[in-house]
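To start, the structure under review is shown below, and the notes come after it.
The values are calculated or read from the model by the stated rules, or taken from the named source; none is laboratory data. Note that the coordinates shown come from a computational prediction; the quantities given were computed from them, not determined experimentally. No Cβ is skipped: glycine too gets one built from the backbone with ideal geometry, and neighbour counts run over all protein chains shown.
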Amino acid sequence: MKSPINVLIVDDHPFIIQAYRNALNKYSEQGYEFTVTQAGDCKAGYEAITDPKNDFQMAMFDISMPEYAEKGIRSGEDLAMLMHETMPECKVILLTMHSETEKVNNIVRNINPSGLIIKNDITFDELIFAMDRILHDENYYSQTVIKLIGHKQNFDHNLDTIDTQIIYQLSKGVPGNELIKYIPLSPNSIENRKAKIKITLGVEYCSDEELVEAAKEKGII
């Protein structure tokens, strides 16, 4: 078991906090241990960050929350800036319903979070995938964010040449049952590889078309 990771979650929706907790619990099966502190508004988030007893390694902030005007903390963005100042090594993940181009670009430019996720993009499996990337010192931007900022995220996919060829042939419209014409493997081996590719890309339960789209979003093809 690795050293415990202290996580701060600040969101004004209890069911969202529970979803993040569930994802952390699921990811703990990879050998991680998480200690979670949660808060429901900017005031409680501010108090958690400025408490000298706390030392967070990862923080997840909703952007739109009840403000703490007394301290000038009006959003999760302000909490993220405060976290950068107070605990610069903490990996900050921002989650939002906003998908305006200017808003997203400002967040990336001014805060440069380890993760930026549009809530409408995220699934349970994708949230676990995002945590994995971030805990391995990579940035994670959800699909809408990538489209809005106009570039691919740095994605260490660990796929070999055959995996990439499978994705390429699917992108050319080759049906899954005809991949054997192009890939020197048995049908069962090809299907097993496809399943592993989907897990690697964080889209375990998807069609071949959706697999290709995920690969494009991550800059693989």
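Here are some notes:
- If the condition is being modelled with pLDDT of 90 or more and more than 24 Å from ASP132 (Cβ to Cβ), then the range 78-112 contributes ASP78, MET81, LEU82, GLU85, THR86.
- Residues located in the range 37-57, provided they are more than 23 Å from PHE15 (Cβ to Cβ) and in a loop (DSSP other than H, G, I, E, B): ASP51, PRO52, LYS53, ASN54, ASP55, GLN57
- Filtered residues of the range 58-84 (kept if in contact with a Phe, Trp or Tyr (Cβ under 9 Å, 6 or more places away or on another chain), under 21 Å from GLU138 (Cα atoms) and assigned to a strand (DSSP E or B)): MET58, MET60
- Any hit, the range 63-72, residues being in the same structural domain as SER114 (by TED's automatic domain parsing) and within 15 Å of LEU135 (Cα to Cα): no
- Lone unmet requirement of (1) farther than 26 Å from MET97 by Cα; (2) modelled with pLDDT of 80 or more for ALA215: (1)
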